[in-house]
Amino acid sequence: MYSMNAVYKFSTEKAFAAIHWMVSQGLPVDLHAALKTCYFADKSHLNEHIQPIFGATYKAMKYGPVPLEIYEMMRGEGIWLWEVKADATPWRLNGYQLQRVANDDPDMSCFAQSEIEHLKRGFAASTAMNFTSRTAATHGRDWQTANGGTMLYEDMVDESPSKPEIVRTIKETAAHIKL
C-alpha cells in the first residue's frame with residue numbers, strides 16, 4: 001500500500017504553451033480566470049485519464065486553488081524562461097490582466113489531444129464565470145481538505161466506486177510519469 005502523496009514533475013513546456021494559448025484567444029484574460037483554467041483542466045483530465053496535464057503544486061488560497069509554478073510563470077519569473085529556453089514571455093501581466101505581447105502562435109505540439117480538449121473546456125468554463133462564481137466553483141472538497149496548505153491530487157479525484165483504485169494508481173505512478 002502506498003501512503004505517500006502523489007507528486008508529479010511539473011510540465012514547464014505545457015504550462016508555457018497553455019498560458020500563451022490563453023492570451024491568444026482574443027479575450028481579456030485576468031489572472032484569476034487563467035489560474036482557474038489550469039485547475040479545471042488539470043482536475044478534469046485527472047478524473048478522465050488518471051493523470052493531470054500540468055502537474056503543478058496547488059496551494060489552497062483564499063480565492064481558490066493556485067498552481068504555484070504557473071502563477072510564477074505568468075508573473076514572468078526568470079527561472080521558468082530558462083526552463084523553456086525562451087528570452088521573454090509572449091505575454092505580460094498588467095495588474096491582474098494577462099496581455100499578449102507577441103504575434104506568434106502558441107506551440108501546442110507538447111499536448112495530447114485530450115489535454116487540449118480539457119484546456120479548452122477549462123478556459124470556456126472559467127471565462128464564462130465572474131470572479132465570485134469561479135471562486136465558489138473551486139472551493140470544493142479538495143480545496144477544503146487542504147485547509148490553506150498544499151492540495152493533494154488524491155483529493156481532486158471525484159467520488160466514485162473506483163476512487164480507491166484511481167488513488168492507488170496515481171500514487172504508484174505520479175513520480176514516474178512524464179507529463
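The values are calculated or read from the model by the stated rules, or taken from the named source; none is laboratory data. The structure displayed is predicted, hence computed values, not measured ones. Here the Cβ is made from the backbone with ideal geometry for all residues, glycine too, and neighbour counts use every protein chain on show.
When you scan the range 146-166, how many residues do you find that are under 14 Å from N5 (Cβ atoms) and touching a residue at least 60 places away in the same chain (Cβ under 8 Å)?
The first filter runs over the range 146-166 and keeps only residues under 14 Å from N5 (Cβ atoms), leaving 146, 149-157.
Narrowing the set further to residues that are touching a residue at least 60 places away in the same chain (Cβ under 8 Å) leaves 146, 149-154, 156-157.
Qualifying residue count, the range 146-166: 9.
Pick from F123, F111: which is among the hydrophobic types (A, V, I, L, M, F, W, C), closer than 23 Å to H176 by Cβ and surrounded by 16 or more Cβ atoms within 10 Å (Cβ to Cβ)?
On the way: F123 fails: closer than 23 Å to H176 by Cβ.
Sole residue among the options that is among the hydrophobic types (A, V, I, L, M, F, W, C), closer than 23 Å to H176 by Cβ and surrounded by 16 or more Cβ atoms within 10 Å (Cβ to Cβ): F111.
Determine if the range 64-71 includes at least one residue that is at pLDDT 95 or above, of a type in the set (A, V, I, L, M) and assigned to a helix (DSSP H, G or I). Show your work before the answer.
First, pick out the residues of the range 64-71 that are at pLDDT 95 or above: 64-71.
Restricting the remaining residues to those that are of a type in the set (A, V, I, L, M) gives 66, 68, 70.
Within this subset, residues satisfying the condition of being assigned to a helix (DSSP H, G or I) are 68, 70.
There is at least one residue in the range 64-71 that is at pLDDT 95 or above, of a type in the set (A, V, I, L, M) and assigned to a helix (DSSP H, G or I).
Looking only at the range 128-179, filter to residues that are over 30 Å from Q97 (Cβ atoms) and of a type in the set (A, V, I, L, M); which one of those is nearest to the chain's Cα centre (by Cα)?
Going through the range 128-179, the residues over 30 Å from Q97 (Cβ atoms) turn out to be 141, 145, 147, 152, 154-155, 157-178.
Within this subset, residues satisfying the condition of being of a type in the set (A, V, I, L, M) are 152, 157, 166-167, 170, 174-175, 177.
Values: L152: 13, V157: 15, I166: 20, V167: 19, I170: 17, A174: 16, A175: 17, I177: 16 Å.
Per the criteria, the residue is L152.
Please go through the range 69-98 and pick out each residue that is in contact with a strand residue (DSSP E or B) (Cβ under 8 Å, 6 or more places away or on another chain) and within 23 Å of I116 (Cβ to Cβ).
Correct list: M74, P90, W91, L98.
Considering only residues that are of a type in the set (D, E, K, R) and either without any contact (Cβ under 8 Å) to a residue 12 or more places away in the chain or assigned to a loop (DSSP other than H, G, I, E, B) (or both), which ones fall in the range 99-114?
Kept after step one, since they are of a type in the set (D, E, K, R), are these residues of the range 99-114: 100, 104-105, 107.
Of everything in the range 99-114, those that are of a type in the set (D, E, K, R) and either without any contact (Cβ under 8 Å) to a residue 12 or more places away in the chain or assigned to a loop (DSSP other than H, G, I, E, B) (or both) turn out to be D104, D105, D107.
Does A128 fit the bill of being exposed (fewer than 14 other Cβ atoms within 10 Å of the Cβ), free of Cβ contacts under 8 Å to residues at least 24 places away in the same chain and either under 14 Å from K36 (Cα atoms) or in contact with a Lys or Arg (Cβ under 8 Å, 6 or more places away or on another chain) (or both)? Step through it out loud before you land on a result.
Numbers: exposed (fewer than 14 other Cβ atoms within 10 Å of the Cβ): yes; free of Cβ contacts under 8 Å to residues at least 24 places away in the same chain: yes; either under 14 Å from K36 (Cα atoms) or in contact with a Lys or Arg (Cβ under 8 Å, 6 or more places away or on another chain) (or both): yes.
Answer is yes for this residue.
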